[in-house]
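The values are calculated or read from the model by the stated rules, or taken from the named source; none is laboratory data. All values reported here derive from a predicted model rather than from experimental measurement. Virtual Cβ from ideal backbone geometry, glycine too; neighbours counted across all protein chains shown. Only protein heavy atoms, including side chains, enter the accessible area calculation; ligands, DNA and RNA are left aside. Shrake-Rupley method; radii C 1.70, N 1.55, O 1.52, S 1.80 Å.
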Amino acid sequence: MELAYYSDYAVRLVNSEEPARNKDTLTSVDAVRALFGGNTSAARRATDADVTRFRSVRARLRAIFEAADGGDETLAVDLLNSLLMEFPVSPQISGHETRKEDGRPDWHMHLADHPSNATAGYAAIASMGLAFHLTEHGADRLGLCQAPPCRNAYLDTSTNRSRRYCSDRCATRANVAAYRARKRLETDRSASTGRTADTSQESTTTADR
């Protein structure tokens, strides 16, 4: 498993809230546990106290995406380094999968669960995953959806750095909105041109008289 995979932890946590829509799904310990996905052993450590702690980490992760999306790479890195120092990781070599060709362990780096509490473990994994993604692909690959009012976080993995939306749904919605805006502009221009032509014709008729 590539360590950059863990960057999805950061995206999941950030997107548990949609500030522009006044939505927040991080309201219970069950919601906290759901963020861990298949990591059930780590999820079981979550308690009610982790709801508040997760929200605090979420705000700091969103600030990183906002800085990167705004073009301030230095601020994004500083904010991420702050999380990395506060929530250190425990890397270890894992071989729980085997190679098909010879049946030998498929050794790879793995981020071990933090033993203290669910928030510390999740924050450490999410921060390190985001750090690997940023250093591998660049800070400009951390973005916020450009389809108003959505501001969900996403990781741009496109070959030409062209991603602007968090999902196909938002991309379609933005394209439809842009198309309708263009049509309205064309209609307004046509109406304005028609009025100008009518005014010009009236002026010519008056002059002939």
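At-a-glance table
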| quantity | calculated |
| --- | --- |
| Most positive-pole-ward Cα, 122, 149, 112, against dipole of the stretch 112-188 from beta carbon charges | 149 |
| D (Stokes-Einstein, µm²/s), Kirkwood Cα radius, the stretch 50-109, 0.692 mPa s at 37 °C | 229 µm²/s |
| Residue 100-residue 192 pseudo-label distance in nm [points 7 Å out on the Cα-to-Cβ vector] | 6.1 nm |
| Rg and Dmax of the stretch 150-193, Cα atoms only, in Å | 15.0, 45 |
| Cβ-based net charge around residue 161, under 11 Å, with every Lys or Arg adding one and every Asp or Glu removing one | +1 |
| Kirkwood hydrodynamic radius over Cα pairs of the stretch 1-92, then Stokes diffusion coefficient at 20 °C and 1.002 mPa s, in µm²/s | 150 µm²/s |
| Protection proxy ranking of 127-134, 74-81 - average other beta-carbon atoms within 10 Å, highest first | 127-134, 74-81 |
| Total charge dipole magnitude, the chain, about the Cα centre, Cβ charges on Lys, Arg, Asp, Glu only, Debye to nearest 20 | 660 debye |
| 93, 125, reordered so the largest accessible area comes first (probe 1.4 Å) | 93, 125 |
| Over the chain, volume per residue of the alpha carbon convex hull, in Å³ | 174 Å³ |
| Under the span-like rule (Cα at least 15 Å along the axis, Kyte-Doolittle mean at least 0.0), DSSP H helices of the chain | 73-86, 118-137 |
| GNM flexibility winner over the chain from 103, 138, 71 (Cα, springs under 10 Å) | 103 |
| Listed residues 164, 62, 21, most fluctuating in the chain (Gaussian network, C-alpha, under 10 Å) | 21 |
| Percent of C-alpha pairs per 10 Å bin, the stretch 85-196, short to long | 12, 22, 24, 21, 10, 6, 4, 2 |
| Gaussian network model of the chain, springs between alpha carbon atoms under 10 Å - residue of 37, 121, 143 with greatest fluctuation | 37 |
| 222 nm mean residue ellipticity, helices alone, for the chain (DSSP H n ≥ 4; -39,500 (n - 2.57); rounded to 500) | -18500 deg cm²/dmol |
| Rounded Å value of the spacing that divides the Cα centres of the stretch 2-52 and the stretch 82-112 | 21 Å |
